[in-house]
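Quick notes on the structure that follows.
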Amino acid sequence: MKKIISIIIVLVIILTGGVLAAKSVLYPINYKEDIKKYSKEYDVNQYALASLIKFETNFDNRDYEKGKSNGILNMRDEFAIDLAKKAGIEDFNPSDLAKPEVSIKLGAVFMSQFDKDDISEIVQQWSIRYEKDENKDRMKDYAKEYYVPKIEKSMKIYKALNPGL
């Protein structure tokens, strides 16, 4: 009987450790308050926003580099400037993308342009944000086949590991 109880205790410890490892290493989620705030403000799915950030950079924020994709959502300057105008940010500077809160807000602005329940459409539109017109259909198909399932899986995991975010 003692052996069975010991085995159960060890299994519980291993499972708990596995969940904690998945939560912090495999599925990190930084900037929870900003994700919650802007998801609510722009009425977007908070798990979709977190999953998009994970997909783009795994929450790895880098210093701003002019002309490159920047911030935790890998946005280019022109794209970010357009979103900032839509968000009513008057004094926006592309270097602000290095601030996670700004990237998260602009990501929420982008997502708010689409039906929040149509994750496939959001991901497809995100994937073509820099594509030339002749490549958009091909890229949307590619996104639908490869990116959408990854984002949807990530959403389910984030929801399980972070209920209520």
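Summary of values
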read-out: Count of region 112-165 residues which are among the small types (Gly, Ala, Ser) and under 15 Å from SER39 (Cα atoms); value: 2
read-out: Close pairs from region 15-42: first closer than 18 Å to LEU83 by Cβ, partner modelled with pLDDT under 95, Cβ under 6 Å, at least 6 apart; value: none
read-out: Selected residue (only one of ASP77, ASP115 is over 26 Å from LEU26 (Cβ atoms) and out of contact with any helix residue (DSSP H, G or I) (no Cβ under 6 Å at 6 or more places or on another chain)); value: ASP115
read-out: Long-range neighbours under 7 Å by Cβ, at least six apart or interchain, first residue surrounded by 13 or more Cβ atoms within 10 Å (Cβ to Cβ) and at pLDDT 95 or above within region 60-75, second in a loop (DSSP other than H, G, I, E, B) and small (Gly, Ala, Ser); value: MET75/SER69
read-out: Spans of helices (runs of 4 or more DSSP H) in region 103-165 with at least 3 residues among the hydrophobic types (A, V, I, L, M, F, W, C) and more than 21 Å from LYS68 (Cβ to Cβ); value: 119-127, 148-161
read-out: Meets criteria (basic (Lys, Arg) and either within 14 Å of the chain's Cα centre (by Cα) or under 27 Å from TYR146 (Cα atoms) (or both)) for LYS40; value: no
read-out: Matching residues in region 76-102 - criterion: being of a type in the set (Phe, Trp, Tyr) and either in a helix (DSSP H, G or I) or surrounded by 24 or more Cβ atoms within 10 Å (Cβ to Cβ) (or both); value: PHE79
read-out: Some residue of region 130-153 being buried (at least 20 other Cβ atoms within 10 Å of the Cβ) and touching a residue at least 40 places away in the same chain (Cβ under 8 Å); value: yes
read-out: Hits in region 76-104 (condition: touching a residue at least 40 places away in the same chain (Cβ under 8 Å) and acidic (Asp, Glu)); value: GLU101
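The values are calculated or read from the model by the stated rules, or taken from the named source; none is laboratory data. On a predicted model such as this, the values are computed, not experimentally measured, just so you know. Using ideal geometry, Cβ is built from the backbone for each residue, glycine included, and neighbour counts are taken over all protein chains shown.
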